[in-house]
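Please treat every number below as a calculation from the coordinates, not as lab data. Remember, it's a predicted structure, so these values are computed and weren't measured experimentally. When we count neighbours, we look across all protein chains shown, and the Cβ atoms used for this are built from the backbone with ideal geometry, even at glycine.
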Amino acid sequence: MPNPRVRALIPLFAAVVAVWSCGGGGDSNDAGQGAPAPAPIPPLSQPPTDISGTAAAQGMDYWGNNSNANGGKGETIDGIPCRVMDETFHIHTHLSVVLNGQLLQIPNALGQVPATATTAGCFYQIHNHDASGRLHIESPVPVSYTLGNFFHIWGQPLSTTNVGGITGMPIVFYVTDNGTTTRYDGDPAAIQLTSHRLITIQIGTQLNAIPNFTWTGT
Amino acid sequence: MQKNKDPMPGVWLRSIVAAALLLAWLVPAVRLAVLPQERALALAATDLMCLSSRAAVLPPSWGDNSGTSRVAQRPTLVDVAAPMQRAFDKEWQTDLIRVLFVAVAATALLAGARRVGGVAPLLVIAAATLYLWAYEPHWDAFRLLGVTQSLPLWWHAVSQWGWSLQAERLVAPLTVWIALLGGCWLLLRAEGARPRRAPSQTIQAPLRSLVTKARP
């Protein structure tokens with residue numbers, strides 16, 4: 001027979017187990033009332049990282065140096081030609097892909113077709129010059145391109161369930177304009193690449209902070 | 001009776017250490033196939049594209065020496081590559097010397113000759129240290145396993161890297177340490193197994209004769 005003091009604690013223990021198993025001990029305050037509320041939008045990390053000019057690579061290498069094997073080779077993609085650069089219209093957007101809390105590196109030289117001894121090189125109007133995640137949109141006239149256009153040029157898939165071949169984990173898209181972050185629940189391929197916009201793709205675990213980058217110019 | 005020990009024990013161990021060293025240096029060795037001129041052209045192509053939006057990158061065959069057309073004033077790939085050639089010559093020669101040194105170290109270790117037996121582990125240690133100093137091994141491939149938390153996803157990333165990145169990030173970080181630690185271990189074994197002048201024979205014999213002489 002157990003000690004009377006221990007016997008007295010049994011109902012208390014049972015109550016604690018019951019409450020815990022019903023979710024009362026967690027942070028989901030709407031248990032049993034349908035889908036859980038979306039996680040709060042993480043704050044912007046401070047201070048922002050300056051990636052002006054040709055910046056250092058940001059994040060861990062995931063895609064390597066051959067991820068654009070299925071990407072643009074100079075042909076027109078989504079109506080975007082590959083030509084010699086014309087910077088009359090020149091803006092930048094930043095793309096962050098974060099997998100389980102780790103920022104992944106956007107490979108360098110996407111949207112570029114290098115010159116060879118026999119062929120001239122060209123740039124797509126969306127491209128990058130380093131592995132900082134900053135995307136250049138350069139065109140003779142003002143243009144409005146999307147994240148889907150960039151992924152087509154890169155040659156990687158983009159959807160709500162597949163980002164650059166990463167699947168099987170929850171994916172959340174955030175868009176930050178002028179310091180204000182919003183969660184984007186639409187088609188990610190339609191996200192506009194606008195000046196100084198920060199696009200963050202969260203894959204897997206919830207972010208503690210949105211990666212924050214700044215640069216001089218547009 | 002004194003057993004005459006081989007100063008370089010374990011042919012299998014020596015082979016493993018030598019193979020590890022050669023695997024670590026595989027990418028720098030293969031990179032030697034890209035000659036200085038080709039390296040300069042590759043960099044020139046990248047630089048030209050990034051430097052100016054208005055300077056068209058022209059293949060050498062387009063070079064017009066007449067000087068009359070506008071096209072002739074634009075730099076060709078060869079023009080831009082020429083000043084870089086000297087730096088790449090030096091880089092290529094340095095790479096060649098390093099790779100030759102590694103080949104000597106591995107050969108000495110594999111040969112296991114008694115004359116070079118004591119030196120070979122030192123050469124291997126030096127070659128492995130040189131790799132660590134010159135190339136700073138990447139551990140991203142292994143850290144990525146923790147980030148993806150999934151073997152198929154990890155393989156999805158690694159499989160699209162290409163053989164050189166895989167060799168550099170998956171193989172070299174491990175094999176260079178195998179070579180370094182193996183070299184140290186072989187050095188210790190060689191020191192331990194080295195035949196020493198037996199002090200007991202040289203000193204004890206005269207002592208023994210003295211003792212026998214002193215006996216009444």
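A few points about this structure:
- Shape annotation for the stretch A:75-157: C-alpha extents along the principal axes are 42, 32, 20 Å, from largest to smallest.
- As a proxy for reagent exposure, B:VAL17, B:VAL104 were ordered by neighbouring Cβ count within 10 angstrom, fewest first; the result is B:VAL104, B:VAL17.
- Order of A:SER96, B:SER150 under a 10 Å beta carbon neighbour criterion, fewest first: B:SER150, A:SER96
- Per-residue mean of foreign Cβ neighbours for A:60-69 is 6 (Cβ atoms of other chains, 10 Å radius).
- Relative contact order (%) - the stretch A:45-214, alpha-carbon pairs under 8 angstrom, separation at least six: 30 percent
- Note on A:106-114: average number of Cβ atoms from other chains within 10 Å of each residue's Cβ is 2.
- Where both bridge residues fall in the stretch A:45-214, DSSP classifies roughly 75% of the beta bridges as antiparallel.
- Label zone at B:ASP79, where the point sits 7 Å out along the Cα-to-Cβ direction: the stretch A:113-146 residues whose backbone N lies under 18 Å: A:115-122
- Exposure proxy shown here: for A:ARG134, A:ARG183, the number of other Cβ atoms within 10 Å sets the order, fewest to most, as A:ARG183, A:ARG134.
- For the stretch A:45-214: span of alpha carbons on each principal axis (Å, largest first): 48, 32, 30
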